[in-house]
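Engineer: This is the structure, below, for whatever I ask next.
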Amino acid sequence: MASLILIVEDEAPLAEMLRYNLEKSGYRTQVAHSGEEALQRIAIEPPDLAVVDWMLPERSGIEVCRSLRAGEDTKRLPIIMLTARGEESDRVLGLEAGADDYVVKPYSPREMVARVNALLRRSDIRGSATVKEYAGIVMDLEAHRVTRDGKNVHLSPKCFRLLETLIDRPGIVFSRDKLLGRVWGGDVFVEPRTVDVHIRRLREALEVEKGAKNLIRTVRGAGYALDQQR
């Protein structure tokens with residue numbers, strides 16, 4: 001799936017120009033017009049990279065960066081700070097707040113796409129492993145293969161994404177809304193009960209032997225977690 005870029009920009013024409021050029025380069029995009037909206041979108045569907053304007057209503061880009069760096073799920077999110085400020089002290093402040101790169105307006109759309117490409121490449125190099133393991137479950141993300149205790153587990157694409165989300169943070173409860181955002185996408189309308197159906201299918205697929213321990217914990221009113229201590 002193409003990488004998702006969140007554009008946090010309150011000037012609609014600039015946001016649209018950037019959105020157009022990123023999508024032309026093969027990326028998926030979402031746009032938020034305020035700092036508060038950006039944080040809400042990220043909570044539902046974390047992007048692969050965020051382009052954040054310094055001057056935003058409700059919360060400044062600096063505040064958004066600090067909030068993301070303080071969050072367990074978002075502390076490694078690649079961030080490009082976008083601003084009209086060009087002074088060295090402002091650049092230092094943006095980088096100290098957690099931005100990975102800094103682009104001064106006006107900028108070339110081609111340059112911005114190149115910076116997004118470069119930052120995503122750097123992020124991939126230091127990023128997460130392509131093989132994830134937990135309680136006998138082994139996920140090979142590149143081969144798109146799952147085993148449990150050495151036995152093959154056959155999963156649909158959506159169940160694979162569900163398991164990948166849950167195995168990233170074992171023991172942490174994910175709400176239906178958060179799972180919908182991560183697996184189906186925040187801009188697609190899907191009934192929340194769809195998550196329950198796919199969780200049931202995932203449980204059945206992971207039961208490779210009769211009587212195998214159910215590793216998916218249901219927390220009534222809260223969501224689901226992958227947890228061998230259930």
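Engineer: Please arrange V103, V116 by how many other C-beta atoms lie within 10 Å of their C-beta, fewest to most.
Structural biologist: By the 10 Å Cβ count, ascending, the order reads V103, V116.
Engineer: Within the range 145-164, which residues have the backbone N less than 18 Å from the label spot 7 Å out from R201 along Cα→beta-carbon, could you tell me?
Structural biologist: Counting backbone N atoms under 18 Å from the label point, the list is 145-147, 153-164.
Engineer: Using the Karplus curve 6.51 cos²θ - 1.76 cosθ + 1.60 with θ = phi - 60°, what ³J(HN,Hα) values do you get for each residue of the range 156-167, in whole Hz, with x for Gly and Pro?
Structural biologist: Calculated HN-Hα couplings, in order: 6, x, 5, 5, 4, 5, 4, 5, 4, 5, 5, 6 Hz.
Engineer: Roughly how many nanometres apart are two label points built 7 Å out from the Cα toward the Cβ at R28 and A114?
Structural biologist: 2.8
Engineer: Rounded to the nearest 20 Debye, what is the dipole magnitude of the chain about its Cα centre when Lys and Arg each give +1 and Asp and Glu each give -1 at the C-beta?
Structural biologist: Here the chain has a charge dipole of around 1080 debye.
Engineer: Compute the Rg/Rh shape ratio of the range 4-126: radius of gyration over Kirkwood radius, all on alpha-carbon atoms.
Structural biologist: 0.92
Engineer: By counting other Cβ atoms within 10 Å of each Cβ, how are V219, V153, V51 ranked from fewest to most?
Structural biologist: V219, V153, V51
Engineer: If you don't mind, another one. What is the count of Lys pairs in the chain whose alpha carbons sit under 16 Å apart, if the two are 8 or more places apart or on different chains?
Structural biologist: Count of close lysine pairs: 4.
Engineer: So for the chain: antiparallel DSSP bridges make up what percent, rounded to the nearest 5?
Structural biologist: Beta bridges within the chain, antiparallel portion: roughly 50 percent.
Engineer: Here's another thing I want to ask about it. Given Cβ point charges of +1 (Lys, Arg) and -1 (Asp, Glu) and nothing else, what value in debye, to the nearest 20, does the dipole of the range 4-126 about its Cα centre take?
Structural biologist: Taking the Cα centre of the range 4-126 as origin, the dipole is about 480 debye.
Engineer: Given (i) 112; (ii) 141; (iii) 131, which label gives volume of the Cα convex hull per residue in Å³ as computed from the coordinates?
Structural biologist: (iii)
Engineer: Name the residue farthest towards the positive end of the dipole of the range 4-126 from the options S108, I44, V31, assuming +1 on Cβ of Lys and Arg, -1 on Cβ of Asp and Glu, about the Cα centre.
Structural biologist: It is S108.
Just so you know, all these numbers are worked out from the coordinates, no wet-lab data involved. For clarity, every value in this text was computed on a predicted model and none was experimentally measured. Using ideal geometry, Cβ is built from the backbone for each residue, glycine included, and neighbour counts are taken over all protein chains shown.
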